[in-house]
1. State, to one decimal in nm, how far the label point of Glu156 lies from the label point of Ile320, with both points 7 Å from Cα in the Cβ direction.
2. Which residues does the label zone of Arg73 cover in segment 304-323, counting backbone N under 13 Å from a point 7 Å along Cα→Cβ?
3. Given the -39500 (n - 2.57) contribution per DSSP H run of 4+ residues, what per-residue ellipticity at 222 nm results for the chain, rounded to the nearest 500 deg cm²/dmol?
4. Got a sec? Charge dipole of the chain, +1 on Cβ for Lys and Arg, -1 for Asp and Glu; which of Trp127, Phe345, Trp58 is way out at the positive end?
5. What does a probe at Thr163 reach in segment 206-222, counting residues whose amide N is under 16 Å from the point 7 Å along Cα→Cβ?
6. Which value in nm describes the separation of the simple spin-label points at Lys48 and Ile237, placed 7 Å from the Cα toward the beta carbon?
7. Check every DSSP H run in the chain and write down those whose alpha carbon atoms cover 30 angstrom or more along the long axis and whose mean Kyte-Doolittle hydropathy is 1.0 or greater.
8. More than 17 Å apart: what percent of Cα pairs in segment 1-52 qualify?
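Since every read-out is calculated from the coordinates, none of them should be taken as a lab result. Since we're looking at a predicted model, the values are computed, not measured. Quick reminder, even Gly has a Cβ in these numbers, built from the backbone with ideal geometry, and neighbours come from all protein chains shown.
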Amino acid sequence: MPPILIVILTLVFLIAFHELGHFLLAKKYGVKVEEFGIGIPPRAWGKKIGETIYSLNWIPLGGFVRLYGEDVRVDDERSFSSKPVYQRALIVFGGIAAFFLIAVVIFSTVAFTGVRGAITDDTGNEWRNPHVFINNIKEGSFAEKAGVERGDIIKEIDGKEVTKKKEVIDIFSEKKGEEVEVVMERLGEEVSFSLVPSKEEGVVGVELIRVAEKRFPLHKAPLIGLQMTGEMTYMVIDGFYTAISYTVTGRDLPDHMELGGPVAIVGMGAEELERGFPAYLQFVGIITISLAVLNALPIPALDGGRLVFLGIEKIKGGMIPQKVEYSLNAIFFILLLSLMIFITFKDLGF
């Protein structure tokens with residue numbers, strides 16, 4: 001199966017699992033589920049099973065669970081709007097929780113099959129297959145001009161195998177102004193470069209990270225998976241904060257950050273898949289947490305915004321006027337969809 005198709009199917013699975021979180025909690029509290037949809041309408045296919053329509057829709061940018069009494073409030077015991085605030089909040093939060101649950105499962109699997117992480121030159125032998133990874137390249141540097149790409153793995157320099165950052169730095173520092181033959185691994189294939197570190201740069205312009213793999217026993221893997229999920233959640237939240245603050249203040253994003261949409265995600269996923277299954281699993285885990293954090297933002301039309309509305313309702317002791325809530329959700333849905341379309345066109349090079 002082509003890597004791109006595997007990535008697309010993975011994203012469809014993540015969206016379906018997210019919507020399943022809403023679906024199961026709605027069923028638990030007796031709310032009628034009118035439709036379980038993948039993608040955004042218009043509908044491409046649908047089949048009614050029991051009281052619920054299961055559908056695939058033409059715009060593959062999300063999914064939804066349509067609940068009875070959610071958009072139009074209905075005084076009925078099976079209506080979403082008739083349920084207590086805490087039950088409605090749990091139904092809404094179910095989608096976010098589903099993302100975090102699948103992230104824990106993914107990272108637990110990664111821990112058991114082989115977690116890939118950054119290590120120091122002094123890290124012990126419990127980490128397997130250590131290598132030096134090109135994490136970032138400064139624009140205009142000698143490495144960029146030679147064709148080196150982010151993600152390349154340095155294997156040999158002038159015939160000498162290197163597995164530590166210090167080894168790479170020392171060789172480049174000694175060879176300033178001289179031609180250096182470098183063998184790298186790129187997506188499983190070896191590529192060779194003739195580099196001439198400038199006397200001014202040395203290794204400046206290339207960010208190096210030493211990376212290795214470590215496997216954990218089955219009984220420890222869930223705890224490690226939970227820990228990795230927490231650490232990655234913090235990193236994703238920090239990344240969102242940085243991106244939003246830079247955008248609001250009109251500054252360019254840092255070199256290591258780039259705004260990307262579904263097309264960019266599919267492209268990066270295909271590359272990670274070619275690096276191997278463990279690398280792809282970690283990528284999927286990061287995407288899953290990113291979707292959870294994005295969905296939890298307190299913005300109308302997202303689950304986080306709906307939780308804010310429920311919080312306001314609980315505090316003031318009454319529902320927000322339906323027209324106000326519906327209008328805010330519709331406006332922000334259009335804005336978010338427009339932003340997604342803009343980013344998609346940007347990813348395609350338009």
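1. Between Glu156 and Ile320, the simple spin-label model gives 6.3 nm.
2. Residues 310, 313-314, 316-323 fall inside that zone.
3. On the way: 9 runs with 172 residues, N = 350.
It lands at -17000 deg cm²/dmol.
4. Trp58
5. From segment 206-222, the list is 210-215.
6. 4.4 nm
7. Details: long enough: 3-28 (37 Å, 1.72); 85-113 (42 Å, 1.98); 221-248 (40 Å, 0.74); 322-347 (37 Å, 1.18).
Once both thresholds are applied, what remains is 3-28, 85-113, 322-347.
8. Values: 644 of 1326 pairs.
Tail of the P(r) past 17 Å holds 49 percent of the pairs.
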